[in-house]
């Protein structure tokens, strides 16, 4: 998922960035800092599975 951010100048903090805000809005979840870091390092397929798990668990509070 790291390809959703600039590889030349990646953000120092990814929580609350536009890509994650879009994911949160689209799937009705809230992604905290730890979850953001985990998702950032996942492949798209792994992240999709994790997002489905988060939906089933309910919202993660920041």
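How many residues are crowded, with 16+ Cβ neighbours inside 10 Å and under 11 Å from the mean Cα position of the chain (by Cα) when one looks only at the range 1-16? Residues flagged as crowded, with 16+ Cβ neighbours inside 10 Å and under 11 Å from the mean Cα position of the chain (by Cα) within the range 1-16 amount to 4.
Restricting attention to the range 21-35, the residues being in contact with a helix residue (DSSP H, G or I) (Cβ under 6 Å, 6 or more places away or on another chain) and buried (at least 16 other Cβ atoms within 10 Å of the Cβ) number 2. For the range 36-58, the set of residues classified as outside any helix (DSSP H, G or I) and either in contact with a strand residue (DSSP E or B) (Cβ under 7 Å, 6 or more places away or on another chain) or loosely packed, with under 13 Cβ neighbours inside 10 Å (or both) consists of 41, 43, 58, listed by residue number.
Read-outs: derived from the displayed coordinates by stated rules, not from any lab. Owing to the predicted nature of the structure, the values given are computational and were not obtained by experimental measurement. Glycine also receives a Cβ, built like all others from the backbone with ideal geometry; neighbour counts cover every protein chain displayed.
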